[in-house]
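In what follows, a structure is listed as structure tokens, so that the remarks can point back to it.
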Amino acid sequence: LRAGTTQAAVASYRGQPVAGAQLVGVGAEAELAAVWTDAEWRRRGLAGAVCSALLRHFFAGGGELVWLPAPEPEAQALYRGIGFVPVATQLNYAAGTESPSS
């Protein structure tokens, strides 16, 4: 993180953060992560605006690829709205979970 591999953007109202996001990556590739909007500020386009600002800055600086997981339909709608398209399926694994019975 100290090497500058994280960028963040926040939308605020009267000095209080109401939406934000971050890009985490190395070099020309990054993951869009930690996208959030305060419940009272949802459905106003703030998450899309914050993500778009981050992406413009990233690509203007030579970034080439941004990816993200979006399992929820609401998240998928947001990301499609700012130009992302599904290209693959991500498998998630966790330690300590039981495997399904046969």
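Which one of the conditions (1) under 22 Å from residue 71 (Cβ atoms); (2) out of contact with any Leu (no Cβ under 7 Å at 6 or more places or on another chain) does residue 27 fail to meet, given that it meets all the rest?
Just one mismatch for residue 27, condition (1).
Output the residues belonging to the stretch 11-56 that are more than 21 Å from residue 85 (Cα to Cα), open to solvent by 40 Å² or more (accessible area, probe 1.4 Å) and among the small types (Gly, Ala, Ser).
12, 15, 27, 39, listed by residue number.
Count, please, the residues in the stretch 73-102 that happen to be assigned to a loop (DSSP other than H, G, I, E, B), under 29 Å from residue 46 (Cβ atoms) and either touching a Gly at 6+ places or on another chain (Cβ under 7 Å) or modelled with pLDDT of 85 or more (or both). Walk me through it before giving the result.
Going through the stretch 73-102, the residues assigned to a loop (DSSP other than H, G, I, E, B) turn out to be 82-102.
So of that shortlist, the ones also under 29 Å from residue 46 (Cβ atoms) come out as 82-90, 92.
Those left that are additionally either touching a Gly at 6+ places or on another chain (Cβ under 7 Å) or modelled with pLDDT of 85 or more (or both): 82-88.
Total meeting the criteria: 7.
So, in the stretch 57-72, exactly how many residues are modelled with pLDDT of 90 or more and either open to solvent by 70 Å² or more (accessible area, probe 1.4 Å) or farther than 13 Å from residue 32 by Cα (or both)? Walk me through how you get there before you give the answer.
Our first condition is that a residue be modelled with pLDDT of 90 or more; within the stretch 57-72, this holds for 57-68.
Within this subset, residues satisfying the condition of being either open to solvent by 70 Å² or more (accessible area, probe 1.4 Å) or farther than 13 Å from residue 32 by Cα (or both) are 57, 59-62, 64-65, 67.
Going through the stretch 57-72 one residue at a time, the tally reaches 8.
The values are calculated or read from the model by the stated rules, or taken from the named source; none is laboratory data. All values derive from a computational prediction rather than experimental measurement. A quick note on method: Cβ atoms are made from the backbone with ideal geometry, for glycine too, and the neighbour counts reach across all protein chains shown. Note: areas computed on protein heavy atoms with side chains; ligands, DNA, RNA excluded. Shrake-Rupley method; radii C 1.70, N 1.55, O 1.52, S 1.80 Å.
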